[in-house]
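Below is one structure, written out as structure tokens, with a few remarks after it.
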Ligand code: HEM
């Protein structure tokens, strides 16, 4: 029965493809060039390996504005800074929606979040709330003590490992650092004391939410694809992962709704949202609901933890591969901060120069989300003289742009000095360097992310020298990547911390 259904579906799809191709041939648009499409699957067969790298290679042949067809969905890939500026600045308003997929609908509680919601009144209201109430500079500063305390705890753990001269799994240590910070400030949950989630549980949940996002569903690319999703079990497995996440999000919410809960002086993100939900007037058109709160919890989970942890890990990886740069940055850090500090605070970050260039260079070579999050056009626009019709997906390959040899000398080399006399920054105004995106959809957690990355790396560099485990050499440290939307280091970095004082 299921084979018969598949056959019927393929036949129907072939018919639709023929009609679809005839129709698109008859229009007079100047569409971007791209690789040859196959019937039904379009260019899905061209996607081999990690998408940002594969698309970078394809764009070398087909150009910086290239069109592919994923099943029935037209997707334009942008791989130059000029074209990125046209999408993210000139046509930002026409391009700032998000495509709807089965996975993003599920994990965002039917688009009640910020990251995956299509453009519209509801997204604008949620985004405003995030920018003003949840991730504002004032709010981020009010959580400074959490970031500093969690870093102190990491330094303590690493110091113990240093006494035993045992190697540390830095990927895990950094994930725990960032997850502990984010859980405290967003969910009021202390990972070291929590009754219902510990460090391993947190890691598992974060990787599940990442997996949901990467889930391939036939219905995202083919009309009637839900039939195949049912037959192949895709829908079931997606819902299975989601149920685990939803259970955790419900625990967080229930904990906050308990009668008599004591709200701290700096209320966490969930407290703020519950307070707003309770106080909202009945007459406004936008109503904040518990699904909105869960949507934001889900966003923070997906966007807030792996991104920052991965960035610190890449910085350490590159520094370990380049002893000259490691020495230079540690010399600066230790000279400027003095030799005998017992504790680092965020104030210490203000005086550092080369250290900040190291971070900038890490964001250039290893943007955590190399294709940003996909956008969707809301009307027909022109990019670099090509017509891009309404409802086209747009991916900005910021990885390819940050490694474009026309923009960067020896682009694959880790060389913080390249920014010595340069005003190029990564906060969304320079289109050759966009680790946080740009325009209306720019990362609203940017300040928080940068703070976590800077403070984490500074603690690692100030208090410790770093050695390789016995039997390994610098050559064993590789740069292999892994991930779906957020791309991290595939293999962890095992290092031996050597406490200085
Ligand atoms: C180093 C750390 C981080 C990096 C590199 C990063 C990067 C990004 C990128 C590239 C996007 C997509 C932008 C676009 O589509 O143009 C994004 C969106 C987003 N990020 Fe971050 N992020 C980081 C940290 C955080 C943190 C700490 C939070 C919150 C706790 C956060 C919350 C979000 C949200 C909610 C969105 C969706 C925005 C929207 O669609 O309107 N991010 N981030």
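The values are calculated or read from the model by the stated rules, or taken from the named source; none is laboratory data. Keep in mind the model is a prediction, meaning the values are calculated, not measured. Cβ coordinates were reconstructed from backbone atoms using ideal geometry, including for glycine residues, and neighbour counts include every protein chain displayed.
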Legend entry - Single condition residue 417 does not satisfy, out of (1) touching a residue at least 60 places away in the same chain (Cβ under 8 Å); (2) in contact with a helix residue (DSSP H, G or I) (Cβ under 9 Å, 6 or more places away or on another chain); (3) within 16 Å of the ligand (Cβ to nearest atom): (3)
Inset, instruction - Tell me which of these residue 479 doesn't satisfy, since it passes every other one: (1) surrounded by fewer than 15 Cβ atoms within 10 Å (Cβ to Cβ); (2) away from the ligand (no atom under 16 Å from the Cβ). - result: (1)
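Per-residue answers, yes or no, for (1) in a loop (DSSP other than H, G, I, E, B); (2) more than 16 Å from the ligand (Cβ to nearest atom):
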{"site": "405", "(1), (2)": "yes, yes"}
{"site": "410", "(1), (2)": "yes, yes"}
{"site": "413", "(1), (2)": "yes, yes"}
{"site": "429", "(1), (2)": "yes, no"}
{"site": "434", "(1), (2)": "yes, no"}
{"site": "456", "(1), (2)": "no, no"}
Legend entry - Single residue of 289, 307, 335, 317 found to be over 17 Å from residue 128 (Cα atoms) and either touching a helix residue (DSSP H, G or I) at 6+ places or on another chain (Cβ under 8 Å) or modelled with pLDDT under 95 (or both): 307
Legend entry - Selected residue (only one of 266, 281, 235 is touching a residue at least 60 places away in the same chain (Cβ under 8 Å), farther than 19 Å from residue 180 by Cα and more than 20 Å from the chain's Cα centre (by Cα)): 235
Inset, instruction - Evaluate the following for residue 169: is it more than 30 Å from residue 39 (Cα to Cα) and at pLDDT below 90? - result: no
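Residues checked against (1) within 14 Å of the ligand (Cβ to nearest atom); (2) part of a helix (DSSP H, G or I); (3) at negative phi; (4) surrounded by 14 or more Cβ atoms within 10 Å (Cβ to Cβ):
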position	(1), (2), (3), (4)
132	yes, yes, yes, no
140	yes, yes, yes, yes
154	no, yes, yes, yes
160	no, yes, yes, no
171	no, yes, yes, yes
176	no, yes, yes, yes
179	yes, yes, yes, yes
184	yes, yes, yes, yes
Legend entry - Any hit, segment 94-109, residues being at pLDDT 95 or above, under 30 Å from residue 220 (Cα atoms) and in a helix (DSSP H, G or I): yes
Inset, instruction - May I ask you to list the residues in segment 71-120 that are away from the ligand (no atom under 12 Å from the Cβ), buried (at least 24 other Cβ atoms within 10 Å of the Cβ) and within 22 Å of residue 294 (Cβ to Cβ)? - result: 107
Inset, instruction - Answer yes or no as to whether residue 471 is surrounded by fewer than 21 Cβ atoms within 10 Å (Cβ to Cβ) and away from the ligand (no atom under 16 Å from the Cβ). - result: yes
Legend entry - Pairs, first over 15 Å from residue 176 (Cα atoms) in segment 443-457, second modelled with pLDDT under 95 and more than 7 Å from the ligand (Cβ to nearest atom), C-beta under 7 Å, six or more apart: 444/131; 447/137; 447/140; 448/140; 451/140
Inset, instruction - Considering every residue within segment 363-379, establish whether at least one is in a strand (DSSP E or B) and either within 15 Å of the ligand (Cβ to nearest atom) or closer than 30 Å to residue 114 by Cα (or both). - result: yes
Inset, instruction - Determine whether residue 244 is part of a helix (DSSP H, G or I), away from the ligand (no atom under 16 Å from the Cβ), under 23 Å from the mean Cα position of the chain (by Cα) and closer than 30 Å to residue 71 by Cβ. - result: yes
Inset, instruction - Determine whether residue 275 is in contact (Cβ under 8 Å) with a residue 40 or more places away in the chain and assigned to a helix (DSSP H, G or I). - result: no
Inset, instruction - Only residues that are near the ligand (Cβ under 6 Å from one of its atoms) and either within 13 Å of the chain's Cα centre (by Cα) or surrounded by fewer than 21 Cβ atoms within 10 Å (Cβ to Cβ) (or both): list them for segment 436-450, please. - result: 436, 437, 441, 442, 443, 444, 445, 449
